[in-house]
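> Structure in structure tokens, see below.
What follows draws every value from the coordinates through simple rules; no lab data is involved. Fair warning: this is a prediction, and the values are worked out from it, not measured in the lab. Here Cβ is always computed from backbone atoms with ideal geometry, including for glycine, and neighbour counts include all displayed protein chains.
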């Protein structure tokens with residue numbers, strides 16, 4: 001069996017990290033490590049050395065875009081692709097309903113820093129200096145596709161996973 005893709009997720013909402021971890025690992029193609037501590041993000045990434053980083057932008061006390069810039073400058077982490085997973089709102093876990101709820105344009109999110117006014121994943125990825133951008137909320141299938149596309153562009157996807165089961169043989 002091919003090696004699994006190692007994903008590191010940094011998001012201040014640990015409930016969301018655990019949901020994404022469960023959904024990605026359920027596919028059998030990924031192992032996921034997560035941190036809800038943006039203050040120690042660089043140290044966490046250097047320790048884990050993942051194949052790809054999923055990074056929230058809107059977090060308390062520190063923007064993901066700042067973390068991305070520092071990761072791209074560091075010799076140890078600069079080649080690790082970064083996918084910004086964020087939005088102008090906030091995914092909040094409602095414990096009573098046992099479900100996540102997207103609160104668009106959440107005033108709390110707006111207070112955490114200025115966000116680019118550009119639209120579209122390519123423009124936002126460029127604005128943040130990352131490899132791709134996914135808006136919250138998102139479907140697991142979309143996240144899987146984006147991760148594989150980013151890794152393929154960086155030539156890190158094992159051939160078996162790139163083709164997938166049932167892919168036509170050359």
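> Could you check the spin-label model distance between residue 145 and residue 33? Points 7 Å from the Cα along Cα→Cβ, value in nm.
Taking the two extended label points, one gets 3.0 nm.
> Now a separate question. Would you mind ranking 78, 62 by Cβ crowding within 10 Å, fewest neighbours first?
Values: 78 10, 62 17.
So the ranking, lowest neighbour count to highest, is 78, 62.
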